[in-house]
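Data block below; observations after.
All of the numbers you see were taken from the coordinates with simple rules; none came from a lab. This one's a predicted model, so the numbers in the text were calculated from it and none came from an experiment. When we count neighbours, we look across all protein chains shown, and the Cβ atoms used for this are built from the backbone with ideal geometry, even at glycine.
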Ligand SMILES: [Zn+2]
């Protein structure tokens, strides 16, 4: 996995007094040899609070050029489109629960390991496919003439 949960931490808005990582960059350990992907130094959090909790710096955390929505569907029928994966999942789970009852184990199985993989809701420990799928879709904020070929 290449996810970096620490990227969403607000204290990245200030430089870290512990490891001297600049604003907007992740903290590092072992004299800068390793990036701390899951958290930051505690001192950085304190520095951020002391600085008046500034907003994230421009750059990687800036507003994305595209928006991702999550489409819940069953077979070819679209059930709904949501701004977050949890809502799309909940829609599928709620509908499937009505069919299978409250005691059956349900689990989401991604198509592949990528962040934007579609997922299928599967039933029981045998992982039977249910046909309920949550698929992330990107929506562009700008018209790209060159991509419109
Ligand atoms: Zn640090």
Hey, in the GNM for the chain with a 10 angstrom Cα cutoff, which one of 21, 31, 130 fluctuates hardest?
-> 31
Shape of the chain, Cα gyration tensor, a/c cut at 1.5 = prolate
Normalising by the residue count of segment 66-147, find the relative contact order in percent from Cα pairs under 8 Å and 6+ residues apart.
-> 35 percent
Under a Gaussian network model of the chain whose springs join Cα atoms within less than 10 Å, the largest fluctuation of 99, 25, 115 belongs to 99
Acute angle (nearest 10 degrees) that the helix 85-100 long axis makes with the longest principal axis of the chain, alpha-carbon atoms = 30 degrees
Using Cα pairs closer than 8 Å and at least 6 residues apart in sequence, work out the relative contact order for the chain, in percent.
-> 19 percent
Computed lengthening from residue 43 to residue 114, 0.36 nm per intervening residue step minus Cα-Cα distance = 22.3 nm
For segment 80-114, list residues with backbone N below 15 Å from a point placed 7 Å from the Cα of residue 128 toward its Cβ?
-> 96-107
